[in-house]
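Structure first, then comments.
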Amino acid sequence: MLNFSPEGYNNIIVIGCAKRGAHRPIMNLHERSLSVLACQYVDEVIIGAPWEISKDMITTFNISSVVHGSIAENDDFQEECDNPYAVPISMGIFKVLDSPLDITTTTIIRRIVSNHEAYQKRNQKKGESEKRYYEDKTYVSGD
């Protein structure tokens with residue numbers, strides 16, 4: 001999704017990692033920032049970026065384009081009175097990019113919850129096995 005720059009352009013990709021979004025994050029701010037920095041197309045990460053993109057932020061970072069994926073937790077952000085993209089939209093620099101996958105925080109949370117019981121059973125079985133090992137463990141005498 002981030003490799004959208006036409007050939008010959010010297011774009012710098014800056015990603016803002018907000019402190020918090022629609023849900024309580026699965027990873028903390030630093031883990032998310034490091035994950036974003038690991039992407040080969042990302043040049044810079046704004047750690048703790050504000051939720052709303054202001055004119056000052058656009059000017060300070062010399063931002064020429066603000067993008068948002070087509071798959072998101074809240075796709076009706078443009079209809080809200082407190083649209084975080086209101087300024088870039090009014091400036092004509094906002095674009096929606098097609099998301100290649102339909103993964104959101106909600107889908108990840110659903111996966112975790114649906115697999116929770118299986119993980120618990122697996123870990124309980126491992127715990128019982130470890131307990132049996134220690135109970136049956138015999139020591140070699142040094143005599």
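When region 41-51 is filtered for residues that are more than 15 Å from Ile13 (Cα to Cα) and open to solvent by less than 100 Å² (accessible area, probe 1.4 Å), the ones remaining, listed by number, are Gly48, Pro50. Residues in region 1-34 that are among the hydroxyl-bearing types (Ser, Thr, Tyr) and modelled with pLDDT of 90 or more: Ser33 only.
Picking from residues in region 79-114 that are closer than 21 Å to Pro50 by Cβ, charged (D, E, K, R) and not in a helix (DSSP H, G or I), the one that is least open to solvent (accessible area, probe 1.4 Å) is Glu80.
The values are calculated or read from the model by the stated rules, or taken from the named source; none is laboratory data. No experiment lies behind these values; they were computed from the predicted model shown. In this analysis, Cβ positions are derived from the backbone assuming ideal geometry, glycine residues included, and neighbour counts consider all displayed protein chains. All accessible areas refer to the heavy atoms of the entire protein, side chains included, with ligands and DNA or RNA removed. Shrake-Rupley method; radii C 1.70, N 1.55, O 1.52, S 1.80 Å.
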